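Following: one structure in structure tokens, then a few remarks.
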Amino acid sequence: MTTGAPPPTAPRRSRARTLVPLAIAAWLVLEIWLLTVVADAAGGFAVLGLLVGAAVLGAAVVKRAGRRAFANLTETLQQQTGRQQPDPEPAAPGRAEGNGLLMLGGLLLMLPGLVSDAAGLLLLVPPVRARLGRAAERSLERRMNAAVPGGLGDAFQQARMRRPDGKVVQGEVIREEGTGHHG
């Protein structure tokens, strides 16, 4: 039976869904090729030592960044509830910035491969991390400003503009599961 309606077309695949798997495959091929070249030049044990050393350094970086992030979260929660004790050592300016990029650097170091190690080491350099953080913030700001009203980006924009003042309202939820009391 013919209805005269055109056949449904498959939704077009986004460019990112096409390019990201290709980029990952190219990155993996590059990592393997580079490891074999360095292993031929310096020896297999040297490459193994590099990979193990990078993984240990990456784990230490992730652990340190995680502790910093947890300490910052705890400090923020204490400030919001009004139970802030005096800090024995003053917080360094910008201490909370860069934990995410620092963790990413540690994770890249933990991945086996020389390209990921180089990228992870770059993220450990504070000026590089600060510049990347500012670029990511500007990019996010542009995307949020270009978001469709009523969409997810609009919700983030509203949440960012209307921050809670930190006051806690005490309350209790009472659920009535029926009109009669069964006992």
Under-5 Å amide H pairs with G98, H placed in peptide plane, nonlocal only: none
Mark the label point 7 Å from the Cα of L73 along Cα→Cβ and return the residues of region 96-116 whose backbone N is within less than 13 Å of it. 100
In what sequence, highest mean first, do 19-26, 68-75 appear when ranked by Cβ atoms within 10 angstrom? 68-75, 19-26
Can you pull the one-decimal nm distance between simple spin-label points at R142 and L48, each 7 Å off the Cα toward Cβ? 4.7
Rounded to whole Hz and in sequence order, give me ³J(HN,Hα) for region 64-76 from the Karplus expression 6.51 cos²θ - 1.76 cosθ + 1.60, θ = phi - 60°, writing x for Gly and Pro. 5, 5, x, 5, 5, 5, 5, 5, 5, 5, 4, 4, 5
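The numbers here are math on the coordinates, done by the rules we state, and not lab data. Just so it is clear, the model here is predicted, and its values are computed rather than measured. For neighbour counting, all protein chains shown are included, and Cβ atoms are generated from backbone atoms with ideal geometry for every residue, glycine included.
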